[in-house]
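We did not get these values from a lab; they are worked out from the coordinates using the rules stated. Please read these numbers as outputs of a predicted model, since none were measured by experiment. Neighbour counts run over all protein chains shown; Cβ positions are idealised from the backbone, glycine included.
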Amino acid sequence: MASGRTDLRDRARQAVVPALFIGLALYLGYHTVQGDRGLLAYMRLSGETTELRQELAAAQVDRERLENRVQRLRPESLDADLLEERARAVLNLGHPDDRVILNNTNPTPERAPGG
């Protein structure tokens, strides 16, 4: 009987170290894939980075366009046409030579006669 117990204890002691290493490997493997800095998080952040770079490029194009317009409105390089366009838009005015096209769209359909 005693040899059976010691044999069982020896086997248990021998199994503890591999079990700890297996547990450690599973823990590290899980966090390599699912963790805050794991593969899935890396792929998600890579996608977000690509989207943000595209947004940045679009914002830079808009900024350059607006800087160009602002430059043309400065006193030292005033563009009279742009100034007039902005004044009309802000004041809601038109020039006597302008042609106004009214778009008379009726949101409700007209009824046919007799209907």
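Summary of computed values
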read-out	value
Any hit, the range 17-32, residues being loosely packed, with under 10 Cβ neighbours inside 10 Å and either on the phi > 0 side of the Ramachandran plot or part of a helix (DSSP H, G or I) (or both)	yes
Subset of the range 71-89 [assigned to a helix (DSSP H, G or I), surrounded by 10 or more Cβ atoms within 10 Å (Cβ to Cβ) and not polar (S, T, N, Q)]	Arg72, Leu73, Leu82, Leu83, Glu84, Glu85, Arg86, Ala87, Arg88
